[in-house]
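Report on the structure given below.
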Amino acid sequence: MLLPKSGHMLNKIKIMKSIKLGLFGFGCVGKGFYEILQSNATYKNSIKTVVVKDQNKIRAIEASRLSYDKNDILLDEEIDIVVELIDNTDDAYFIVSEALKKGKKVITANKKMLANHLEELIQLEQTYGGILLYEAAVCGSIPIINILQHYYQEENLESIKGIFNGTTNYILTKVIKENLSYSSALQQAQSLGFAESDPTSDVEGFDPSYKAAIVAASAFGIFVKPDNIIRSGISGLQLLDIEYAKKNNWELKLQVQLQSKNGVVWLSVLPAFTNQTDPLANIAFENNTVVIQADYAKEQQFSGKGAGDFPTGSAVWSDLINIIDNKRYPYKKLKTNQNVLINPDGFIKVYVRSENGILDTSDLPWQELENHFKDKLDNYTIGYISLKQLKRIIKKYNSSIFVALLPDSEIKLNTAIKTKELETARF
Ligand SMILES: NC(=O)c1ccc[n+]([C@@H]2O[C@H](COP(=O)([O-])OP(=O)(O)OC[C@H]3O[C@@H](n4cnc5c(N)ncnc54)[C@H](OP(=O)(O)O)[C@@H]3O)[C@@H](O)[C@H]2O)c1
């Protein structure tokens, strides 16, 4: 028996029928999102125009929907929802900011563009009355931005840590669990489509640093430029590091960490040796995870596919459903966390390994030492070093050193370092 439809339902069906959206990009994510809508009767005809770049590519879209001119979406008054899924950061910034200036509702997955322009884009959203949603930009199908913006809109968070990059987690899983070399594991990741032909953004940790910057706005109400995040990647990984992890029965993860304490937030993207009991330890291959420590909810962990056509397309679709309902991110914490100090100096316990010909790691400006090892080829040192010095050292030596956190690494303020130990510390 068919039930009579309420006024609200009828209104909703009418709205659904009249959705006209413009899609920029028809690559991995754009095509995945398009196919999700095509397989759903409600949204099948909602895409009015698809703008792409290369006029020579053959695509499975009707010619009547296809365009190469951004103004076919931006200047079309019938299109009030713009979905931006292109790979060019500057063009994406232009498209998103122009659409917001026209008061349109905008969905983007472009993490690099967001990380560099988030504050300004939120201003445009507020000034012109549009909406900006970007769930797909962080950890693909894990709905972390919605969780932070809605469930945790007011509750104080102590920390967020996680695996925000599938390519590096795939490589590290293969290297640790299957004894593959770094270069073979990278090649496999490339042939499976996880890693780009130029993997720099993933393996040097830039990609997760963009995501950390975006998460910081929702979790702690702060705007952080990606350059301000302490970052080192996995491209310097060598056999000694892998043996060190195995000897201790540790996993190795590229860990994003945002820690908040007494009005200070520290943000880092660093390789980390983790205990088997660490929530990150069992997240294997290209999967992502986010672990939240909240004042009242305590620990929560969310895991899933961090990339790919359908997982990321699913996050864009979820944004579409929310944007049709005029749901926006409330940014409650932006209003309360005005005076937070971001990445002030402090001391952190790290492992630094280098080839002997390049650097004797014991010569670095350690504040407190725990261990030093040297053989014919390599040497490593474990101890506390200042965050400022660590940033400088990573920049100077880049992939000719390997830096990692230890399972008991924590950041200490200057006063917590015991000067007596400094004076007497010996290897
Ligand atoms: N891949 C993932 O799993 C994933 C996950 C999360 C977030 N993201 C983000 O999603 C976005 C898209 O990534 P993707 O992997 O789908 O990229 P992709 O496969 O390289 O596709 C990029 C698309 O952008 C189009 N394009 C580039 N510049 C354009 C311009 N100026 N105007 C119109 N179209 C333009 C390209 O057009 P042509 O087809 O004509 O070359 C192509 O269709 C990026 O910001 C990425 O960081 C991706």
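Amide H of Asn343: which non-local residues (sequence gap of 5 or more, or other chain) have their own amide H closer than 5 Å, using H built in the peptide plane?
Val265, Trp266, Leu267
Expressed as a fraction of 2.2 N^0.38 Å, the rule-of-thumb size for a compact globular protein of N residues, what is the C-alpha radius of gyration of the stretch 176-247?
Details: Rg = 15.1 Å, N = 72, 2.2 N^0.38 = 11.2 Å.
Output field value: 1.35.
Using only C-alpha positions, report the orientation-averaged shadow area of the convex hull of the stretch 219-260, nm², one decimal.
That works out to 4.3 nm², a quarter of the Cα hull's surface.
State to the nearest 20 debye the size of the charge dipole of the stretch 108-220 about its Cα centre, where the only charges are +1 on K and R beta carbons and -1 on D and E beta carbons. Provide the component values of the computation, followed by the final result.
Working: 6 positive and 13 negative charges, 73 e Å.
Rounded to the nearest 20 debye, it is 340 debye.
Please quote Rg/Rh for the stretch 266-423 to two decimal places, taking the Kirkwood radius as Rh and restricting both calculations to Cα atoms. Please list the in-between numbers first.
Numbers: Rg = 20.4 Å, Rh = 19.2 Å.
Rg/Rh for the stretch 266-423 comes to 1.06.
Roughly how many debye, to the nearest 20, is the charge dipole of the chain about its Cα centre, given +1 on each Lys and Arg Cβ, -1 on each Asp and Glu Cβ, and no other charges?
Working: 49 positive and 50 negative charges, 154 e Å.
Dipole magnitude for the chain comes out near 740 debye.
What's the FRET efficiency of Lys53 with Lys246 using the Cβ-Cβ distance as r and R₀ = 35 Å, to the nearest 0.05? Walk me through the intermediate numbers first.
Working: r = 46 Å, r/R0 = 1.31.
Efficiency at R0 = 35 Å is approximately 0.15.
What percent of all Cα-Cα pairs in the stretch 295-342 falls into each 5 Å bin, going from 0 up to the bin containing the maximum distance?
Final binned percentages: 4, 13, 12, 13, 22, 19, 13, 3.
Subtracting the Cα-Cα distance from 0.36 nm times the residue separation, let me have the gained length for Leu192 to His150 in nm, one decimal. Don't skip to the end; give the middle numbers.
Numbers: separation 42, 0.36 × 42 = 15.12 nm, distance 3.48 nm.
Computed gain between Leu192 and His150 is 11.6 nm.
In vacuo Debye scattering of the chain, one point per C-alpha: log10 I(q)/I(0) at q = 0.06, 0.08, 0.13 Å⁻¹?
-0.28, -0.48, -1.13
As a footprinting exposure proxy, order Thr200, Thr274 by other Cβ within 10 Å, with the fewest listed first. Walk me through the intermediate numbers first.
Working: Thr200 12, Thr274 23.
So the residues, fewest neighbours to most, are Thr200, Thr274.
Suppose we keep just the DSSP beta bridges with both residues in the chain; what percent of those would be antiparallel, to 5?
Details: 51 of 73 bridges.
In the chain, approximately 70 percent of DSSP beta bridges are antiparallel ones.
Over the chain, what is the mean sequence separation of C-alpha contacts under 8 Å (at least six apart), divided by residue count, expressed as relative contact order in percent?
On the way: 865 pairs, mean separation 69.5, N = 427.
Normalised by residue count, the contact order of the chain is 16 percent.
Based on a Kirkwood Rh over C-alpha pairs, give the Stokes-Einstein translational diffusion coefficient of the stretch 235-351 at 37 °C and viscosity 0.692 mPa s in µm²/s. Can you show the working numbers first?
Numbers: Rh = 17.7 Å.
Diffusion coefficient, whole number: 186 µm²/s.
Along the principal axes of its C-alpha atoms, what lengths does the stretch 167-291 span, in descending order and rounded to whole Å?
Computed over the Cα atoms, the extents are 43, 33, 22 Å.
Treat every Asp and Glu Cβ in the stretch 246-339 as -1 and every Lys and Arg Cβ as +1, leave all other atoms uncharged, and give the resulting dipole magnitude about the Cα centre to the nearest 20 debye.
Details: 11 positive and 8 negative charges, 71 e Å.
With only Lys, Arg, Asp and Glu charged at Cβ, the dipole is about 340 debye.
Could you work out the Kirkwood radius for the stretch 340-388, taking every pair of different alpha carbons, averaging 1/r and inverting it, reported in Å?
Numbers: mean 1/r = 0.0867 Å⁻¹.
After inverting the mean inverse Cα-Cα distance, the result is 11.5 Å.
Convex hull over the alpha-carbon atoms of the stretch 78-205: what's its volume per residue in Å³? Provide the component values of the computation, followed by the final result.
Details: hull volume 18.3 nm³, N = 128.
Per residue, the Cα convex hull of the stretch 78-205 comes to 143 Å³.
For the pair Glu119 and His372, what calculated FRET efficiency results from E = 1/(1 + (r/R0)^6), where r is the Cβ-Cβ distance and R0 = 56 Å, to the nearest 0.05?
0.80
Apply the Kirkwood formula to the stretch 50-148: the hydrodynamic radius equals the inverse of the mean of 1/r over all pairs of different alpha-carbon atoms; give it in Å with one decimal. Provide the component values of the computation, followed by the final result.
Values: mean 1/r = 0.0700 Å⁻¹.
One decimal place: 14.3 Å for the Kirkwood radius.
Under 17 Å from the Cα of Lys349, which aspartates and glutamates turn up, not counting those fewer than eight places away in the same chain?
Asp241, Asp363, Glu368, Glu370, Asp408, Glu410, Glu421
Just so you know, all these numbers are worked out from the coordinates, no wet-lab data involved. Keep in mind that what you see is a predicted model, and the values were worked out from it rather than measured. Virtual Cβ from ideal backbone geometry, glycine too; neighbours counted across all protein chains shown.
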